[in-house]
Amino acid sequence: MKHLLFVVSLGLSLTSLISFATPSYKVTVNGMVCSFCAQGIEKKMKVLPETKGVYVELKNHLVVVEAKDGLTLSQDTIKKIIKDAGYEVKSIEVSEHPIEHIKSGADK
């Protein structure tokens, strides 16, 4: 009985951790070439109430948007913001890693 209680408790703990995981969205963007481009996208993404942080890396044409704890961002919303800013979204990848992890290069 103790083992069953432990397994159930462990399962509930893992479920709550998974449901509160904060995804990051790694977006590859065409046409983004200068710091002005980066600032514009960053400013527009930070306005979203679900956004915890934004990181723009011009060298690799990458925009990373991290959601707040327990929230997610719509990929359609991300695409629309970038398209409305005048850029093309090549791809969006959902990552389980926070921005700091991606910035450090450990995500590659």
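On the Cα set of the stretch 40-89, report Rg and Dmax in Å, please.
Calculated on Cα positions, Rg and Dmax stand at 10.4, 30 Å.
Stretched out fully, how many nm does the piece from Val47 to Val94 gain, at 0.36 nm a residue minus the Cα gap?
Using 0.36 nm per residue and subtracting the Cα-Cα distance, I get 14.9 nm.
Values quoted throughout were computed directly from the atomic coordinates according to the rules given, and no laboratory measurement underlies them. All values reported here derive from a predicted model rather than from experimental measurement.
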